[in-house]
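Q: Before I ask anything, here is the structure I am working with.
The values are calculated or read from the model by the stated rules, or taken from the named source; none is laboratory data. As the structure is a prediction and not an experimental result, all values here were calculated from the model. Every residue, glycine as well, gets a Cβ built from its backbone with ideal geometry; the counts of neighbours run over all protein chains shown. Areas reflect the complete protein model, heavy atoms only, side chains present, ligands, DNA and RNA absent. Shrake-Rupley method; radii C 1.70, N 1.55, O 1.52, S 1.80 Å.
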Amino acid sequence: MSLLQILALSLLINGVFFIIAATLRTDVFTDITYSLTFAVLAGVLLAFAPVRGVLQFATAGAVLAWALRLGGYLFYRILRIKVDHRFDDKRNSFVKFGSFWLLQAVSVWVIMLPVYGLLSTGVSLTPAALVPGLAVFLAGLALETAADAQKFAFKSRPESKGEFMSAGVWSYSRHPNYFGEMLVWWGIALPGAFAFRGLEFLYFLGPVFITLLLIFVSGIPLLEKEADRKWGEREDYREYKR
């Protein structure tokens, strides 16, 4: 499959669920579609891979494991909380809501660039060459899993209402889940250092994109602004930030 076909498939999946979400005016499908798109693209790329060896199965398997973990968690969470307040100013606007879904579809495509490269070029690597990437991936997956579980348990306790999370892995980082997310995608892409040649190294734009997106655009800046609004005047929060 070509990159344009993969983009078209990502747009199709998100387009279908956007229509459902916009019609029902619900947030239930938004995050689960994000994970589902990764899983479907990984499965399709593996099915059409010219070579299906250890590298290809390991790469697709890593994406599927990540998607299953994140998708399951986000779907369970939205069923509990019912509403995602990120969309309060978008849900009733076809253009604003649709723009988010379009950005989501394109983002998945960009993040999947190294996966496309590893599964479509027919490269074979020894299992030993996969060890560094696998180690980084597993570290990231473990970190974001722990971070999500700890924060979900914290926010589920009535006494935590209005408080900020600063225990567990959150005592070391204000955004350990995002750090884990970055590690996941760098770990998946890392075998490309041994497999890619010439312009194929542009496939590393995938992990670069998700890293820059989380640090400077839609991840950390939004949460930092909201946290400062809630707790910026509290000395304990300022000490936590320090």
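To keep it simple, each residue is scored yes or no on (1) among the aromatic types (F, W, Y); (2) closer than 20 Å to V108 by Cβ.
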position: A142; (1), (2): no, no
position: Y172; (1), (2): yes, no
position: F196; (1), (2): yes, no
position: V208; (1), (2): no, yes
position: G232; (1), (2): no, no
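Q: Of all residues in region 182-203 being farther than 19 Å from F57 by Cα and assigned to a helix (DSSP H, G or I), which is most open to solvent (accessible area, probe 1.4 Å)?
A: Let us first name the residues in region 182-203 that are farther than 19 Å from F57 by Cα, namely 182-183, 197-202.
This time we only want the ones that are assigned to a helix (DSSP H, G or I), so: 182-183, 198-202.
Values: M182: 24, L183: 45, G198: 60, L199: 147, E200: 55, F201: 91, L202: 99 Å².
Looking at residues that are farther than 19 Å from F57 by Cα and assigned to a helix (DSSP H, G or I), I get L199.
Q: Still on this model: May I ask you to verify whether E163 is farther than 23 Å from L3 by Cα and either open to solvent by 50 Å² or more (accessible area, probe 1.4 Å) or charged (D, E, K, R) (or both)? Quick ask: steps written out before the conclusion?
A: Numbers: farther than 23 Å from L3 by Cα: yes; either open to solvent by 50 Å² or more (accessible area, probe 1.4 Å) or charged (D, E, K, R) (or both): yes.
Here the answer is yes, as E163 does meet what is asked.
Q: Where residues in region 12-40 are free of Cβ contacts under 8 Å to residues at least 24 places away in the same chain and assigned to a loop (DSSP other than H, G, I, E, B), which of them is surrounded by the fewest Cβ atoms within 10 Å (Cβ to Cβ)?
A: Let us first name the residues in region 12-40 that are free of Cβ contacts under 8 Å to residues at least 24 places away in the same chain, namely 12, 16, 19-20, 23-24, 26, 29.
If we keep only those that are assigned to a loop (DSSP other than H, G, I, E, B) too, we end up with 26, 29.
Details: T26: 16, F29: 20.
So, considering only residues that are free of Cβ contacts under 8 Å to residues at least 24 places away in the same chain and assigned to a loop (DSSP other than H, G, I, E, B), the one surrounded by the fewest Cβ atoms within 10 Å (Cβ to Cβ) is T26.
Q: Here is a follow-up. List every residue pair whose Cβ atoms lie under 9 Å apart, where the two residues are 6 or more positions apart in sequence or sit on different chains, the first residue falls within region 194-220 and is over 25 Å from N177 (Cβ atoms) and acidic (D, E), and the second residue, located anywhere, is modelled with pLDDT of 95 or more and assigned to a helix (DSSP H, G or I).
A: E200/G117; E200/G192
Q: Considering only region 221-238, how many residues are in contact (Cβ under 8 Å) with a residue 12 or more places away in the chain and within 17 Å of S171 (Cα to Cα)?
A: 5
Q: Do you know which of the residues in region 55-98 that are of a type in the set (S, T, Y) and open to solvent by less than 60 Å² (accessible area, probe 1.4 Å) is nearest to F194 (Cα to Cα)?
A: Going through region 55-98, the residues of a type in the set (S, T, Y) turn out to be 59, 73, 76, 93.
Within this subset, residues satisfying the condition of being open to solvent by less than 60 Å² (accessible area, probe 1.4 Å) are 59, 73, 93.
Values: T59: 14, Y73: 33, S93: 46 Å.
Looking at residues that are of a type in the set (S, T, Y) and open to solvent by less than 60 Å² (accessible area, probe 1.4 Å), I get T59.
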